[in-house]
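To start, the structure itself, in structure tokens.
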Amino acid sequence: MKTETHIEQQGPVMARRSFLRYAGAGIAGVGLLTATSCVKDHRVMPNTGIDIGAKGDLAILNYAYALEQLEAAFYIQVAATPYSGITAAETALLTDIRDHEVAHREFFKAALGSNAIQALTPDFSSIDFSNRTKVLTAAQAFEDTGVSAYNGAGYLIKDATYLTLAGKIVSVEARHSAYMRNLITAGSFADNTIIDANGMYKAQTIPQY
Amino acid sequence: MNLLNIIEEINIADPEFQDRISPRRAVIKNITSFGSKVAVAALPMAFSTLFKKAYGQTAPLTVSDVLNYALKLEYLEAAFYNAGVASALSFSTAEKAALVTIQTHENAHVNFLKGVLGINAVAQTSQGMNGTYDFTGGFNTTTNIVTGTGPFSTVLTDIDTYFAVAQVFEDTGVRAYKGQARNLLGNHTVSTAALNIHSVEARHASAIRQIRRARGGAGATTKPWITGANDTGIAAVNGNYAGEDNVVQGPVTITNLPGVSGNVSVNAATEAFTEPLTMTQVVALVNIFGVR
């Protein structure tokens, strides 16, 4: 998986557009995708049939749709094959999260209509779904990436209705993340590894151009 | 399947994409370059002047109005956690640690917003009664006097009441920030900051709700997310959760969409989207605590 090229763009001199790559790299970095193509070939391969074909806000919505598809697929798997030692409370709340992500996914699919990208088939083969720590760590990475991605893309949205909708979703992702973080380490729901001295989410303070 | 390829494709498909990240409209460009030159913590500048230029006559509210509104809410929250941490309430070690974390963030938000607003920032002493709030919710909005006889009269003597009020403050804060998103539309610097604070408030709300769930009793069934209209069991705060039972997002009725088995449930549909509150709604809800 040649993701290193993208990951190195996380520094203070992030290139334009790189917030999207940053989020994408974050997901690829935890091994949730099979990166079968060379990173030099940024175009979607014709035989995959992917055609964004959308402009402006629709492109951002498709980006969100892609993220939500991955999250939904992940939690569907978590619910279908619970990790060993899962508690009743964890089962209940993880199932809730699954249903939230499915609702998000289906919302974007419906809202995008014929502009929607095709259904994605993520490869989670590198995750041991029987291992609590591994599942929760991956979940936390998903949620933090989601929050970061929505926060980072918000200012690009032109339509007030879509911006409000993104806001409606991002706070739910943040609630998921705080829960996941507390499950991994009690009291880490918003610790200084993710929140800066201004009390703001660290990964997405003012981007440096 | 490679997500990175999709992202590239978005950039190819949308020629405006780059423009929007590095806007060429001069006034917007000034703002973004301004933001890049100044550290976030050091923005004691007349921001509102800059942003008014970007919006012209179309802005429903000036950015400084929105920021002062946010500042008033953060003053309230900071004071609430300062009071809780300093109180005689016998929190567990974990509860106290969580409160101190949130207290730190709320005070940081105050300082951040004051720094951004500079001389335009409202003074804390203009709030409540010479800066003193009524956390019982009994503030007399006519005489501006703290009565201490509101619906949460045990807020600083009973831990469960304290956390219930904390939950209401956090959930309301999230909804309040969300409601201002459209007033900051296209404002890179301020909208990103607001979204960031908004997501941190959501983490606080989730954490407080988890504490209430763990404490059991009346809060035992509390989830980290908001289910339906007012899941607190406290009728006095119905207004703080008004509209949370909405299941229609834009043109889409969420409960008509396919879920894992059958359609998405009403609970999932309401939990998956947190609804905004308007400034008018929020002001009416927090003036009983002394926000003015």
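Things to note:
- Test: residue in segment A:123-135 that is in a helix (DSSP H, G or I), crowded, with 21+ Cβ neighbours inside 10 Å and either out of contact with any Ser or Thr (no Cβ under 6 Å at 6 or more places or on another chain) or at pLDDT 90 or above (or both): yes
Conditions tested, residue by residue: (1) farther than 18 Å from residue B:164 by Cβ; (2) in contact with a Cys (Cβ under 6 Å, 6 or more places away or on another chain); (3) without any contact (Cβ under 8 Å) to a residue 60 or more places away in the chain; (4) assigned to a loop (DSSP other than H, G, I, E, B).
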position: B:67; (1), (2), (3), (4): yes, no, no, no
position: B:84; (1), (2), (3), (4): no, no, no, no
position: B:107; (1), (2), (3), (4): yes, no, yes, no
position: B:114; (1), (2), (3), (4): yes, no, yes, no
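- Residue that is touching a residue at least 40 places away in the same chain (Cβ under 8 Å) and among the hydroxyl-bearing types (Ser, Thr, Tyr), where the choices are A:81, A:91: A:81
Conditions tested, residue by residue: (1) under 24 Å from residue B:225 (Cα atoms); (2) open to solvent by 40 Å² or more (accessible area, probe 1.4 Å); (3) away from every other protein chain (no Cβ under 11 Å).
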| position | (1), (2), (3) |
| --- | --- |
| A:58 | no, yes, no |
| A:87 | yes, yes, yes |
| A:91 | yes, yes, yes |
| A:96 | yes, no, no |
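- So residue A:185, is it of a type in the set (Ser, Thr, Tyr), open to solvent by 40 Å² or more (accessible area, probe 1.4 Å), within 10 Å of chain B (Cβ to nearest Cβ) and over 18 Å from the mean Cα position of the chain (by Cα): no
- Candidate set: segment B:232-265, residues that are in contact (Cβ under 8 Å) with a residue 24 or more places away in the chain and part of a loop (DSSP other than H, G, I, E, B); chosen: the one most open to solvent (accessible area, probe 1.4 Å): B:245
- Residue identified as at pLDDT 95 or above, in a helix (DSSP H, G or I) and either among the hydroxyl-bearing types (Ser, Thr, Tyr) or crowded, with 22+ Cβ neighbours inside 10 Å (or both) among B:190, B:165: B:165
- Within this structure, residue B:126 passes the test of being more than 14 Å from chain A (Cβ to nearest Cβ), modelled with pLDDT of 95 or more, surrounded by fewer than 24 Cβ atoms within 10 Å (Cβ to Cβ) and within 30 Å of residue A:197 (Cα to Cα).
- Restricting B:208, B:254, B:159, B:234 to residues that are over 16 Å from residue B:282 (Cα atoms) and within 9 Å of chain A (Cβ to nearest Cβ) narrows the list to B:254.
- Some residue of segment A:134-156 being over 23 Å from residue A:188 (Cβ atoms), within 10 Å of another protein chain (Cβ to nearest Cβ) and over 17 Å from the mean Cα position of the chain (by Cα): yes
- Annotation: residue B:291 fulfils all but one of (1) under 26 Å from residue B:71 (Cα atoms); (2) more than 9 Å from chain A (Cβ to nearest Cβ); (3) modelled with pLDDT under 95; the unmet one is (3).
- Verdict on residue B:291 being in contact with a helix residue (DSSP H, G or I) (Cβ under 9 Å, 6 or more places away or on another chain), outside any loop (DSSP other than H, G, I, E, B), open to solvent by less than 30 Å² (accessible area, probe 1.4 Å) and more than 27 Å from residue A:58 (Cα to Cα): no
- Residue satisfying condition, being among the aliphatic types (A, V, I, L, M), part of a loop (DSSP other than H, G, I, E, B) and either at the interface with another protein chain (Cβ under 7 Å from one of its Cβ atoms) or open to solvent by 20 Å² or more (accessible area, probe 1.4 Å) (or both), within set B:202, B:229: B:229
The values are calculated or read from the model by the stated rules, or taken from the named source; none is laboratory data. This structure is a prediction, so every number in the text was calculated from the model and none was measured. Positions of Cβ are generated from backbone atoms using ideal geometry, with glycine treated the same way; all protein chains shown enter the neighbour counts. To get the accessible areas, we keep the full protein, side chains included, count just its heavy atoms, and leave off ligands, DNA and RNA. Shrake-Rupley method; radii C 1.70, N 1.55, O 1.52, S 1.80 Å.
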